[in-house]
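Participant: Once you've had a glance at the structure underneath, I'll fire off some questions.
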Amino acid sequence: MEMLWFWLVSVMVAIYAVMDGFDFGAGVLHLFVARNDGERRTVLAAIGPWWDGNEVWLLAAGGSMFLAFPRLLASGFSGFYLALFMVVWCLILRGIAIEFRSHVPDGMWAGFWDGVFALASTLLPILLGAALGNVVRGVPLDSGGYFQIPLFTHFRVANPVGVLDWYTVLMGVLVLATLTAHGALYLAWKTEGEVHRRCRRAAPRLWLAVAGLALVATGATAAVNPALYANLSHAPLEWAGVALFLGGLATVFIGLARDRHRAAFLGSSAFIIGILAATAAGTWPVMLRSTLDPAASLTAYNACAGPGGLRAGLGWWFIGFPLAILYFACLGRIHRGKVRAAEDGPGY
Amino acid sequence: MGDLLFWHRLQFGFTATYHYLFPQLTMGLALIILVLKGLARARNDARLDTAARFWIRIFGLSFAVGVVTGIPMEFQFGTNWARFSARAGGVIGQTLGMEGLFAFFLESTFLGLLVFGERRLGPRRHFLAALALFLGSWLSGYFIIATNAFMQHPVGYLAAPDGTLQLADFWAFLLNPWALVQYAHTMVGAVVTGAFAVAAVGAFWTLRGLHPEQAALHLKTGIWCGLVASVLVAFPTGDQQGKRVARHQQPTLAAMEGRWRSGPYADLNLIGQPNVEARTLDNPVPLPGVLSFIAYGSFSSNVRGLDEFPRDQWPTNLELLYYSFHIMAGLGTLFIAIMGLSALLLASGRLARARPLLWVLMLAFPFPFIANSAGWMVAELGRQPWLVYGILRTAEGTSLLVHPGQTVFTSLGFSGLYFVLGLLFLFLVGREVHAGPAGH
């Protein structure tokens, strides 16, 4: 039961990364690939129907984590207090920028919100990447299961650790690069004209950077958390994750070379899912690692809720999850094909 | 101020109160939009579609702010109330998780289609989008109320040896009788907010002599919805809610009325200032026996005073609780009077000439927001000193390692951000009202 919930939460986090990832990437890129109001609106039209629902995956994953692993949520959220509020503020600014931008047909107004949208879309992947880095590196969990760390200390991976050190910053940059490259493929797939052309040109370079960074990050992770790789010998799922992200990466480059942008986008989705799956399989059953004492780590076993709650949760999860997928499928059908900003009216 | 509990409470209270300004409008409008679109289809009346389109634009703005201010609420369970989350998460995580899967996905999928998709969808499917949004937002409301109801009146759980609360009976927890009453009261309250907003815009256009056809339609819609909702919010829903408090939270009832001594024929005080140290109510204007009647159905019923309870069971912010209740109940009574009078004049065709009343209707729209906020303050201050009533004290639910230097910092950040957000929202809504029913 604990293992099932571990994977259900992981699946939701992976869907969140893939889905909100492409609209983060679009936000990072839009100042560069869309230079006038019409092009900016094309970018917004491409992500407009999706971004709000994509963000719900974060809340849904958080909700599932809350019911299945309450101690993990309590410990992690309070320990990363300041960093999480920065995430929240960026999410607020980003949502408002997308929603309010097209309400006033004025260049200064739109330009301001375009800047806010780009800034928040850039900061969020860095923060979320740093969060992933913190999970891999570990935090100073005490025997009570709590911790509190500053935003930064000496930037070395040694106690006292901060939210930001060289490793977590590296992970932040990796995630930023990955989601930017992911967004470039999405826009190349869904748009036409200049935006499409610029994304197509930028994508191979971005993906080369991602591949290089991923290589560096793999080595760095081995240094920071060797246990992650020690599991390889007896974790077939970790091999599956590795295969998925390598295959995804190959698909991206093949898709780009053949101008098959939807295939390339699916490849980059597989790349993201593969990295997360390999990480999850490597850390299992640890969910938050203690840098002080391995026995103080929060695992799927010691952080989970009682059996009654886990069972009841499964009952509705397997109704609600397919429903959510169904909504997204409907949305995909309604908005299939390339977008044209003018037809979708203001706001999108 | 080095008081950690104080800052956690202030932060959550502020962000929650601010957040709820928006969902109450969207939930109220969701129903009114559905009614307008339904009538438009039934009567084949394009004017109703125009009115619906105008309110869908306002709905979109309010929804956006509601979403972004709602995200911090989800986070704060873990960031500010870690010990509460660790102990009760196995139970309340159920409803918060269900809200994500069942309500948020529904809303986020259909919002874009409702706001931007009318041409693409056609009238029938656009109506279905309005229905989906209504279901999503009202479902979301239920999951939040069910979560809160567990904190007010915990049922369906068992206490594990390690101190955590675990789910024992899913349906008992989900269909908590407290939740059903509180839900009805809260949702009707949201419709009051939506109806007053619709009526206020109608009154403004009428006073200005603008868009006469739409203005009259707005007045009619706002007033009839407003009258029904204002009555329902007091009776039976508010009445039932009061009776629940009287039965299960007796110190709260005493504090709401500033009542120290027990006895039959308890007064309902229209006004007065509680003096907690002297244990008196200064300058009271009482209605003798009415509190006994409202709480227990007979004038001679005994209503226990705070003197009967140890001080550590009294609500901690007694004065604010007392005033919140009186503001809510007082405004609720006024709403019935305003909407009742307006409905009378509307039915007899004299409303358009009753300019003073139109002024009142135009200026009244902020007051349902105040009444709804005050109502939540009654619920949440009245629950004190408990976080989960009778089981977990609020002081035992905080994040221990988060210090005031952090909460004050983020609270100031929220104040600034939310101030700007409020200005932007008012600016954009003002533009829509100015542009009129046809839009830009």
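Rundown of residues vs (1) touching a His at 6+ places or on another chain (Cβ under 7 Å); (2) at pLDDT 95 or above; (3) in a loop (DSSP other than H, G, I, E, B); (4) under 30 Å from A:Ala230 (Cβ atoms), yes/no style:
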site	(1), (2), (3), (4)
A:Ala118	yes, yes, no, no
A:Ser121	no, yes, no, no
A:Pro125	no, yes, no, yes
A:Leu132	no, no, no, yes
A:Ser143	no, no, yes, yes
A:Tyr146	no, no, yes, yes
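Participant: Any idea which of (1) within 11 Å of chain B (Cβ to nearest Cβ); (2) buried (at least 22 other Cβ atoms within 10 Å of the Cβ); (3) out of contact with any strand residue (DSSP E or B) (no Cβ under 6 Å at 6 or more places or on another chain); (4) not aromatic (Phe, Trp, Tyr) is the one A:His30 doesn't satisfy?
Facilitator: Going through (1) within 11 Å of chain B (Cβ to nearest Cβ); (2) buried (at least 22 other Cβ atoms within 10 Å of the Cβ); (3) out of contact with any strand residue (DSSP E or B) (no Cβ under 6 Å at 6 or more places or on another chain); (4) not aromatic (Phe, Trp, Tyr) one by one, A:His30 breaks only (1).
Participant: Tell me, yes or no, whether the stretch A:277-284 has at least one residue that is in contact with a Pro (Cβ under 7 Å, 6 or more places away or on another chain), more than 12 Å from chain B (Cβ to nearest Cβ), over 28 Å from A:Val43 (Cα atoms) and surrounded by 13 or more Cβ atoms within 10 Å (Cβ to Cβ).
Facilitator: no
Participant: Pairs only if they're at least six apart or on different chains, beta carbon under 6 angstrom, first in the stretch A:46-70 and assigned to a loop (DSSP other than H, G, I, E, B), second modelled with pLDDT of 90 or more; list them, first residue then second.
Facilitator: Every condition considered, the pairs that remain are A:Phe69/A:Ala303; A:Phe69/A:Cys304.
Participant: Look at the stretch B:275-292 and say how many of its residues are under 28 Å from the mean Cα position of the chain (by Cα) and over 11 Å from B:Gly258 (Cβ atoms).
Facilitator: So the answer is 4.
Participant: Something else: May I ask you to say which residue of B:Phe414, B:Phe365, B:Phe369 is among the aromatic types (Phe, Trp, Tyr), at pLDDT 95 or above, under 24 Å from B:Leu25 (Cβ atoms) and not assigned by TED's automatic domain parsing to the domain that holds B:Gln273?
Facilitator: One residue alone meets the criteria, B:Phe414.
Participant: Six or more apart or on different chains, Cβ under 8 Å: which pairs go from a residue in the stretch A:71-85 that's facing another protein chain (nearest Cβ under 7 Å) and closer than 13 Å to B:Thr407 by Cβ to one that's among the hydroxyl-bearing types (Ser, Thr, Tyr) and part of a helix (DSSP H, G or I)? Could you list them?
Facilitator: Within 8 Å, the pairs are A:Ser78/B:Thr79; A:Tyr81/B:Thr79; A:Tyr81/B:Thr410; A:Leu82/B:Thr410; A:Leu84/B:Thr79; A:Phe85/B:Thr79; A:Phe85/B:Thr410.
Participant: Would you pick out the residues in the stretch A:186-243 that are of a type in the set (A, V, I, L, M) and under 23 Å from A:Arg260 (Cα atoms)?
Facilitator: Those that are of a type in the set (A, V, I, L, M) and under 23 Å from A:Arg260 (Cα atoms): A:Leu187, A:Ala188, A:Val195, A:Ala202, A:Ala203, A:Leu206, A:Leu208, A:Ala209, A:Val210, A:Ala211, A:Ala243.
Participant: Also: One residue is enough: does the stretch A:320-334 have a residue meeting the conditions in contact with a Pro (Cβ under 8 Å, 6 or more places away or on another chain) and more than 21 Å from B:Gly78 (Cβ to Cβ)?
Facilitator: yes
Participant: Separate question: Of all residues in the stretch A:35-44 being touching a residue at least 24 places away in the same chain (Cβ under 8 Å) and surrounded by fewer than 24 Cβ atoms within 10 Å (Cβ to Cβ), which is nearest to A:Pro125 (Cα to Cα)?
Facilitator: Across the stretch A:35-44, the extreme among qualifying residues is A:Arg40.
Participant: Would you please name the residue that is surrounded by the fewest Cβ atoms within 10 Å (Cβ to Cβ), looking only at residues in the stretch A:311-340 that are under 24 Å from A:Gly193 (Cα atoms) and either charged (D, E, K, R) or more than 10 Å from every other protein chain (Cβ to nearest Cβ) (or both)?
Facilitator: Step by step, filter the stretch A:311-340, then rank; the result is A:Gly337.
Participant: Condition first: small (Gly, Ala, Ser) and at negative phi. Now tell me which residues in the stretch A:167-194 satisfy that.
Facilitator: If the condition is that a residue be small (Gly, Ala, Ser) and at negative phi, then A:Gly172, A:Ala177, A:Ala181, A:Gly183, A:Ala184, A:Ala188 are the ones that fit.
Participant: Moving to a separate point now. Testing B:Ala40 on (1) among the hydrophobic types (A, V, I, L, M, F, W, C); (2) surrounded by 24 or more Cβ atoms within 10 Å (Cβ to Cβ); (3) at pLDDT below 95, one condition comes back false. Which one is that?
Facilitator: (2)
Participant: Does the stretch A:1-9 contain at least one residue that is in a helix (DSSP H, G or I) and either within 8 Å of chain B (Cβ to nearest Cβ) or in contact with a Ser or Thr (Cβ under 7 Å, 6 or more places away or on another chain) (or both)?
Facilitator: yes
Participant: Can you find even one residue in the stretch A:103-111 that is surrounded by fewer than 21 Cβ atoms within 10 Å (Cβ to Cβ) and at the interface with chain B (Cβ under 10 Å from one of its Cβ atoms)?
Facilitator: The answer is yes; a qualifying residue exists.
Participant: Within the stretch A:150-184, restricting attention to residues that are over 13 Å from the mean Cα position of the chain (by Cα) and part of a helix (DSSP H, G or I), which residue is surrounded by the fewest Cβ atoms within 10 Å (Cβ to Cβ)?
Facilitator: A:Trp166
Participant: List the helices (runs of 4 or more DSSP H) inside the stretch B:78-162, counting only whole elements, that have at least 2 residues being at the interface with chain A (Cβ under 8 Å from one of its Cβ atoms) and of a type in the set (S, T, N, Q).
Facilitator: Once the helices (runs of 4 or more DSSP H) in the stretch B:78-162 are filtered for at least 2 residues that are at the interface with chain A (Cβ under 8 Å from one of its Cβ atoms) and of a type in the set (S, T, N, Q), what remains is B:82-98, B:105-116.
Participant: Based on this model, can you work out whether A:Val169 counts as out of contact with any helix residue (DSSP H, G or I) (no Cβ under 6 Å at 6 or more places or on another chain) and under 20 Å from A:Ile272 (Cβ atoms)?
Facilitator: Considered against the rule, which asks whether it is out of contact with any helix residue (DSSP H, G or I) (no Cβ under 6 Å at 6 or more places or on another chain) and under 20 Å from A:Ile272 (Cβ atoms), A:Val169 comes out as yes.
Participant: Give me the pairs, please: first residue somewhere in the stretch B:286-312 and touching a residue at least 12 places away in the same chain (Cβ under 8 Å) and under 26 Å from B:Ala234 (Cβ atoms), second residue anywhere and among the basic types (Lys, Arg) and part of a loop (DSSP other than H, G, I, E, B), beta-carbon distance under 7 Å, and either six or more positions apart or on two chains.
Facilitator: So the pair list comes out as B:Val303/B:Arg259; B:Gly305/B:Arg259; B:Gly305/B:Arg261; B:Leu306/B:Arg259.
Participant: Now a separate question. Would you mind stating whether A:Trp284 is in contact (Cβ under 8 Å) with a residue 40 or more places away in the chain and farther than 22 Å from A:Thr251 by Cβ?
Facilitator: yes
The values are calculated or read from the model by the stated rules, or taken from the named source; none is laboratory data. Bear in mind the structure is a predicted one, so any value in this text is a computation, not a measurement. Counting neighbours? That spans all protein chains shown, and the Cβs are built from the backbone with ideal geometry, glycine included.
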